[in-house]
Amino acid sequence: MGVVVPLTGMGSAAAAVVECAPSLSGADTVAHSDDPASPTPDPAPPAVAAPDTDANNVVWPVGRGQMGGLHPTGARDMGRNLGYPVVAAHAGTVTASADIPAQDGRINGGGYGSYGRYIIISWRNSKGQWLNNLYAHMRTRVATAGSTVTAGQLIGYVGSTGNSTGPHLHFELFASSGPNGLSGSRSGLDPAPWLARGKEPQVDDLPADTGGDITTDECVQSGGVAVDLPTRSPANGPYKDAAITMRSKGVSRSPSQAVAWLLSAAKRHVGGYPHMCLALADDAYAPRGSRVGRAIDQWYRAKRAGYGHPGDYNIPIGAQVFFWTGNPARHIATYVGGGYAVNQDANGVVVLVPVAEAAKGGDYLGWAEPYYS
């Protein structure tokens with residue numbers, strides 16, 4: 001995709017609120033080694049994990065998914081929807097949280113130069129080595145310079161500011177001779193093997209991007225692909241059991257087995273699912289196929305494959321039900337019959353509740369057959 005330029009003369013219909021997905025490429029237009037905030041790295045970053053870093057303390061900043069090739073800086077691009085939450089991949093100190101202004105003679109996107117809105121988080125491992133993560137092109141920054149963050153803590157939202165051809169996170173891992181990643185020498189490292197054993201972020205209940213709703217205009221100007229928002233229905237039902245044999249793809253359990261697993265977990269008050277409604281719904285079916293990062297992505301995927309049933313209150317037992325809540329991940333629960341569903345409460349404990357309560361204050365999108373591909 002070429003350089004994105006502001007649009008002019010677009011009608012009001014073009015300003016509709018949308019979801020904004022990355023283009024197929026999702027790559028940066030240029031390398032970033034000439035940024036004032038980015039000392040020139042070694043030319044060939046090693047394809048190894050940062051030494052002496054405990055993988056148990058590593059979290060994927062935007063979850064597993066689309067990831068590009070290795071940059072000269074040691075960076076990887078991760079294509080995600082505009083406004084997708086970005087979390088800290090490792091605990092540390094925020095040593096930079098800034099906007100790079102437009103630069104003369106440079107390709108500038110959205111009025112920003114190169115990295116656009118970016119954050120650097122720095123920490124020291126047990127051998128005394130300084131390590132750093134850089135998060136670039138963000139739409140909104142949440143973490144402030146000088147603050148301390150934990151792994152998995154919200155620090156911002158995916159954008160396309162700076163030299164970017166579409167919504168994605170530019171994510172770097174590098175060692176530095178100084179404590180803040182902005183001065184002294186620096187050596188780029190490939191973040192992919194470092195992330196390999198990292199945890200998925202818990203994003204289900206994170207707040208929506210404070211940058212506000214994403215419009216078609218902003219999406220197109222950012223190089224993204226506008227996806228119309230799903231039709232929403234009242235969450236109070238009435239919900240009725242439907243005598244339908246569901247299809248499924250990429251699962252290890254049948255609907256009846258998945259429901260039995262969930263009801264047993266609810267009866268035993270199984271915990272461990274804080275902000276993880278999708279993980280719970282996934283675990284019920286023990287997928288053999290791929291998982292996605294957010295409840296709304298599971299809905300879109302099933303709907304694209306013809307497995308989604310928008311606005312239908314007649315639900316087969318074992319179906320996954322979806323709600324448009326006030327956070328960017330939205331919400332998923334599993335229907336178990338009689339107007340009840342299983343999801344997790346605010347403490348991450350598996351519970352059996354009426355479907356209207358499972359909605360968590362959101363609108364009803366519909367139900368989907370379990371689809372993992």
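The values are calculated or read from the model by the stated rules, or taken from the named source; none is laboratory data. On a predicted model such as this, the values are computed, not experimentally measured, just so you know. With ideal geometry, Cβ positions are generated from the backbone for all residues, glycine too; neighbour counts draw on all protein chains shown.
Numbers below:
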quantity: Criterion violated by ALA359 - all others in (1) in contact with a strand residue (DSSP E or B) (Cβ under 8 Å, 6 or more places away or on another chain); (2) among the small types (Gly, Ala, Ser); (3) under 17 Å from ASP228 (Cα atoms) satisfied; calculated: (3)
quantity: Cβ pairs under 6 Å, 6+ apart, first in the stretch 42-71 and crowded, with 19+ Cβ neighbours inside 10 Å and of a type in the set (Gly, Ala, Ser), second at pLDDT 55 or above and assigned to a helix (DSSP H, G or I); calculated: ALA49/PRO193; ALA49/TRP194; ALA50/TRP194
quantity: Considering residues of the stretch 131-156 that are in a strand (DSSP E or B) and either in contact with a His (Cβ under 7 Å, 6 or more places away or on another chain) or of a type in the set (Asp, Glu) (or both) only, the residue farthest from ASP99 (Cα to Cα); calculated: ASN133
quantity: Residue match in the stretch 266-278 (condition: closer than 23 Å to SER373 by Cα, of a type outside the set (Phe, Trp, Tyr), within 25 Å of the chain's Cα centre (by Cα) and loosely packed, with under 15 Cβ neighbours inside 10 Å); calculated: no
quantity: Some residue of the stretch 20-40 being at pLDDT 85 or above, in a strand (DSSP E or B), buried (at least 17 other Cβ atoms within 10 Å of the Cβ) and in contact with a Leu (Cβ under 6 Å, 6 or more places away or on another chain); calculated: yes
quantity: Subset of the stretch 310-331 (residues that are assigned to a strand (DSSP E or B), of a type in the set (A, V, I, L, M, F, W, C) and closer than 18 Å to ALA242 by Cβ); calculated: ILE315, VAL321, PHE322
quantity: The listed residue being in contact with a Phe, Trp or Tyr (Cβ under 8 Å, 6 or more places away or on another chain) and surrounded by 19 or more Cβ atoms within 10 Å (Cβ to Cβ), out of ALA305, ALA329, ALA341; calculated: ALA341
quantity: When residues of the stretch 346-373 are limited to those that are of a type in the set (Gly, Ala, Ser) and not in a strand (DSSP E or B), the one nearest to ARG253 (Cα to Cα); calculated: SER373
